[in-house]
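Below you'll find the structure, written out as C-alpha cells, and then a few comments.
The values are calculated or read from the model by the stated rules, or taken from the named source; none is laboratory data. Everything numeric in this text was worked out from a predicted model, so none of it was measured. Neighbour counts run over all protein chains shown; Cβ positions are idealised from the backbone, glycine included.
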Amino acid sequence: MTDSSSQNNNPKANKTTDSKSNRQYRKPRSKLSNRLFLAAISVSVFIGILLSGTQILFDAKASRQELNQQFQSILGMVTDSATQAIYQLDKTMASQVIDGLFENPSVSYAGIMHYDGIALTERHRQLPRTAYEPISQLIFGEALTYTFPLQHKQITYLDAKDSKAAKESIELYGHMIVTINPSLATESFINRASFLLLGGLVQSVCYGLALYFLFQFLITRPMTRIIKNLEDVNPNQPTFVALNIPKGHEDDEIGTWIKKVNGLFEAVKKYYGERLIAEAHVEHLSNYDLLTELPNRRLLIKHLEQTIAESNEKDQPFALLCCALDDFNAVNLLHSYHTGDKILLMLAERLRETIGNKSQLARLGGDMFALIVPNITPNNELKEIANKLLETIHLPFNIDQHSIQISASLGITCYPDDGINAETLLKNSENVMQLAKAQGGHGYEFYEQSVGERLRDTKLLEKSLSLVVQNEELQLEFQPQVLLATQQIIGVEALVRWHHPKRGLISPSEFIPIAENNQTIIKIGDWVLEQACRTLEFWKSVSPTAENFTISVNVSAVQLHYSDLVKRITYLIQRYKINPWQLVLEITETAVMSNVDSAIDILSGLKETGVQIAIDDFGTGHSSLSYIKQMPLDKIKIDGSFVHDIMNDTNNATIVNAIIQLGHSLNYTVIAEGTETQAQVEYLSDCGCDIAQGYYFYKPLKATELLRVVKQQSIKPVTNLVLDEDMTIPGLHRSVFDISNVN
C-alpha cells in the first residue's frame, strides 16, 4: 500500500503523477474541445437531419399537391375536346385527345367512356419499373387515377326580355379516366430531398467546425495555457508560481476562476506556513521539555539509541546518570510551584555549565533529569562526576530573597554492561536512582544485578512501615550523654528501633530514609515524641529531682516542615506535665538549610514552647554562619565523622576545635557524638567540649538498663529510684522497656 503522504513529499512521485495526468488530458478523447466538437457535430447533424427530414416531408406533400394540380390542369385543357368527341362519337378526335395525354410519360392509362361505361376509346401503357417505386408508393401510392365528367351545360331563358330569368341544365355524356404512375415525379422529389439532406448535413458540419474553432479559441487555448502554468506549481509551495490570466479573459468567468484559484493558493500558502509552524512547534513539544527547553524522555531515547550505535562502532562505552531531587515537593508546598519552576530552570542551567558540551542533558519529567556521559571507562571517573553533580545541586538557590538548598539522588548505569538497549538502560538507571533515594538521598548508586531484589525489599519495607506503629513493632533505646567535666550522665538521646516480625531488627539507617520518602516518618516521629514525653513523666513521678535530666529526640526534615510540630509539642508538654526544657529537639543541619526561612520560623515557634533545640550533624550541611546565628539554638552536635578521625587527621581536629569555639562564642552547648576512644575524649575535653556521647561511654540502652546505670552512678535525679526486674513505665509501650539484650 502506498503512503499518500510520502508521495506528496516526494518530488519524483509528484513529477510522475503530473506527467501521467498530462498524458491523460492530452489524449484526443480527453480534450475538452474535442469532446465539445463531437457533441456539437452530433447535435447539429441530428438537428440538420431532423430539419431536412421535416422539410422533405413538407416537400413530399407539396409534390403530391403539385402533381394533382398539374394533371388537373392538363385534363382541364383536354376536357372540351373529349366532351366534343364523346358528344359526336368521334373516335378519331377521342384518339387524338388520348394520344395527347400519353405524351406525358407518367400516364399509364387514358380512356373516354360513355356514361354507361362503354369506352369510346382507351389506351394502356406499361411503364418501366424504377428504383424509386418503394419511395413513390410510400409518398404517392401505387398509382393515381383521375376521373373527369364529360358534360354540357345548357341555359334556357324563360323571358326574352329578362336575361336573369334563365334556367341552367347539365347534360352528362360520359367520363374521361386517366391513370398515372408517380415514379417519375418521385425521382424529381428524391433529387430535391437529397439536395436538402446534403445541404443540411453540410450546414451541420460547418456549424460544428465553427463551434470547434470557437471552443478552441475561447476555452481550449486558455485552458492549455493554464494547465502549463499549473505544471510549474509546487504542491508544497503553491504560490511560488501564480496562474496568469489569458489575454482577453480578465473580466470573464475564466479570469474570475483564475483569480479565485490564486486566492485559494494564497490561502493554502498561509495555511501551509501556519501548519509548518504548528508542526515544528508540535515536534518541539514532543521532543523538548516545555519549562527547561531540555530534551525530554522521548528525545533522550533517540539520543541513547544514537549513542549506542556510535559506541558499538567506536567500541567506546558510555554512562547514563538518572538524577531525581530529594523531597522537591517541600519546595513547592513551602514556597510555591512558581519558585519550584525557577529552581528547575536554574538547576538546568547549572547542570549545563557543569557537564559541558560533550555530555547530553535531558529532563525526564517532574524533578527528574538524565545525563549521557560518553567515553567513560573507570568507575572512579563516574564517581567524580556524580560527586560534582551532587555538590552543584546542593549549592543554595537564592530566589526572591530566600536561600533554598536541595539535594539529589543519582542512579548510574553503564553501556553495555547494564543494558544493551536504550529502554533497558534508562529503566535500570531509574531503578537504581530510586534505590539511592531510599537510602536517604544526597548520594548515588551504581547498577548491580541485585538492584531488582533490593528494590523489592525496599518496597516491602515501605509497605510494612505504614503499620509499624499499629502493630507495635517499634521500641526506643537511649544513649546516654555524658558531661565531660564530671563524667556523669546528664541526659539521653532517644533512638528508635524496628523489630520486624520476619526480618528481625532493622537498622534505622535502612528504614528511616524510606520512611522519610513516603512520609511515614511523621507518624513514627509522633510516636517517638510521645514515648519520650511519657518517659520524662515517669522519671518525674518516681523522683522529684529528675528535673535536670533531658531527652533528645531527632526530628526529620519531613516532620519539621510537613507536620504541625509546634502544636504537637505543646499538646505533649501539657498532657504529660513535663518541663519543656527537658525535651531537646535535634534538627539536622541539612533539614534546616533545605529551607532556611521556613526553618527559622518553625524553630522560633518551637522555642516559644520552651523546648531546647539542637543542630545535629553540624559541619556536614554547608550551613552559613549568617543563618546559624539567626536560629534560636541551644546546642550544636559535632558530627561523628569529624570525631572519628580527630586524632589522625589534623584537618578534622581543626574543624572540631573551630566548631567548639564557634558554639561557645554563640553561647551554645557543644555535644560531640561518636566518641569511641579515651584519646578522643581527652582531646575534646582539652578543646572545651561540653558533652559527649558514644560507645566509649555507653551503647544505646533500654530504659530499664539505663535506669540501673544511672542508679549505679548515684546521680541525683534518680537516687531514690528502686528498680524491679519486670518494671515498666505506666502508659508506655512495653517494647520501650524490653529488657532483652541489644547488640
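Key figures for this structure:
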| read-out | value |
| --- | --- |
| Residue in the range 409-421 that is more than 29 Å from Ala309 (Cβ to Cβ), buried (at least 23 other Cβ atoms within 10 Å of the Cβ) and touching a residue at least 12 places away in the same chain (Cβ under 8 Å) present | yes |
| Residues of the range 273-328 satisfying the condition of being in a strand (DSSP E or B) and in contact (Cβ under 8 Å) with a residue 40 or more places away in the chain | Pro295, Phe318, Ala319, Leu320, Leu321, Cys322, Cys323, Ala324, Leu325 |
| In the range 352-385, the residues that are without any contact (Cβ under 8 Å) to a residue 60 or more places away in the chain, surrounded by 15 or more Cβ atoms within 10 Å (Cβ to Cβ) and either in a helix (DSSP H, G or I) or over 34 Å from the mean Cα position of the chain (by Cα) (or both) | Thr354, Ile355, Ile376 |
| Failed condition for Val611, given (1) farther than 30 Å from Ile660 by Cβ; (2) out of contact with any Cys (no Cβ under 8 Å at 6 or more places or on another chain); (3) crowded, with 20+ Cβ neighbours inside 10 Å | (1) |
| Which numbered condition Phe478 fails, given (1) closer than 19 Å to Ile573 by Cβ; (2) surrounded by 22 or more Cβ atoms within 10 Å (Cβ to Cβ); (3) modelled with pLDDT of 85 or more | (1) |
| Check on Gly441, closer than 19 Å to Leu382 by Cα, not assigned by TED's automatic domain parsing to the domain that holds Lys699 and not in a loop (DSSP other than H, G, I, E, B) | no |
| Residue identified as at pLDDT below 75 and in the same structural domain as Ala119 (by TED's automatic domain parsing) among Gln88, Gln84, Gln96, Gln70 | Gln70 |
| Counted residues, the range 329-342 - those being closer than 23 Å to Gln559 by Cα and either outside any helix (DSSP H, G or I) or in contact with a strand residue (DSSP E or B) (Cβ under 8 Å, 6 or more places away or on another chain) (or both) | 4 |
| Enumeration of residues in the range 686-707 that are assigned to a strand (DSSP E or B) and touching a Phe, Trp or Tyr at 6+ places or on another chain (Cβ under 6 Å) | Leu701 |
| Verdict on Leu395 being over 29 Å from the mean Cα position of the chain (by Cα) and in the same structural domain as Arg298 (by TED's automatic domain parsing) | yes |
| Hey, His394 farther than 20 Å from Arg352 by Cβ and touching a His at 6+ places or on another chain (Cβ under 8 Å) or not | no |
| The one condition in (1) in the same structural domain as Tyr695 (by TED's automatic domain parsing); (2) closer than 16 Å to Leu320 by Cβ that Leu389 fails to fulfil | (1) |
| Filter result for Gln470 (surrounded by 22 or more Cβ atoms within 10 Å (Cβ to Cβ), assigned by TED's automatic domain parsing to the domain that holds Asp617 and under 30 Å from Ala330 (Cβ atoms)) | no |
| Some residue of the range 689-698 being closer than 20 Å to Asp616 by Cβ, within 60 Å of the chain's Cα centre (by Cα) and in the same structural domain as Gln531 (by TED's automatic domain parsing) | no |
| Candidate set from the range 282-323 (those that are of a type in the set (Val, Ile, Thr) and closer than 20 Å to Leu410 by Cα); member that is surrounded by the fewest Cβ atoms within 10 Å (Cβ to Cβ) | Ile301 |
| Close pairs from the range 571-590: first outside any strand (DSSP E or B), partner at pLDDT 90 or above and polar (S, T, N, Q), Cβ under 8 Å, at least 6 apart | Ile573/Thr609; Pro580/Thr609; Trp581/Thr550; Trp581/Gln612; Gln582/Thr550 |
| Elements of type strands (runs of 3 or more DSSP E) contained in the range 453-519, each with 2 or more residues being small (Gly, Ala, Ser) | 488-500 |
| Unmet requirement for Met593, which otherwise passes all of (1) out of contact with any His (no Cβ under 7 Å at 6 or more places or on another chain); (2) of a type in the set (A, V, I, L, M); (3) under 19 Å from Ser407 (Cβ atoms) | (1) |
| From Asp597, Asp617, Asp601, residue being without any contact (Cβ under 8 Å) to a residue 40 or more places away in the chain, within 51 Å of the chain's Cα centre (by Cα) and in a helix (DSSP H, G or I) | Asp601 |
| Single residue of the range 573-592 satisfying the filter (aliphatic (A, V, I, L, M) and under 15 Å from Thr550 (Cβ atoms)) that is modelled with the lowest pLDDT | Ile578 |
| Test result for Ile551, without any contact (Cβ under 8 Å) to a residue 60 or more places away in the chain, closer than 23 Å to Gln693 by Cα and of a type in the set (Val, Ile, Thr) | no |
| Qualifying residue in the range 331-341 (condition: without any contact (Cβ under 8 Å) to a residue 60 or more places away in the chain and surrounded by 15 or more Cβ atoms within 10 Å (Cβ to Cβ)) | yes |
| Some residue of the range 534-545 being under 54 Å from the mean Cα position of the chain (by Cα), at pLDDT below 85, part of a helix (DSSP H, G or I) and in the same structural domain as Ser685 (by TED's automatic domain parsing) | no |
| In the range 197-223, the residues that are of a type in the set (Phe, Trp, Tyr) and touching a Ser or Thr at 6+ places or on another chain (Cβ under 8 Å) | Tyr207, Tyr212, Phe215 |
| Lys388 vs. criteria crowded, with 21+ Cβ neighbours inside 10 Å, part of a helix (DSSP H, G or I) and of a type in the set (Lys, Arg) | no |
| Residue that is surrounded by the fewest Cβ atoms within 10 Å (Cβ to Cβ), among those in the range 434-467 that are out of contact with any Pro (no Cβ under 8 Å at 6 or more places or on another chain) and among the aliphatic types (A, V, I, L, M) | Leu467 |
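Residue-by-condition table, conditions (1) modelled with pLDDT of 90 or more; (2) farther than 17 Å from Gln487 by Cβ; (3) crowded, with 18+ Cβ neighbours inside 10 Å:
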| site | (1), (2), (3) |
| --- | --- |
| Met647 | no, yes, no |
| Glu673 | yes, no, yes |
| Tyr695 | yes, no, no |
| Glu705 | no, yes, yes |
| Lys716 | no, no, no |
| Met727 | no, yes, no |
| Pro730 | no, yes, no |
| Val736 | no, yes, yes |
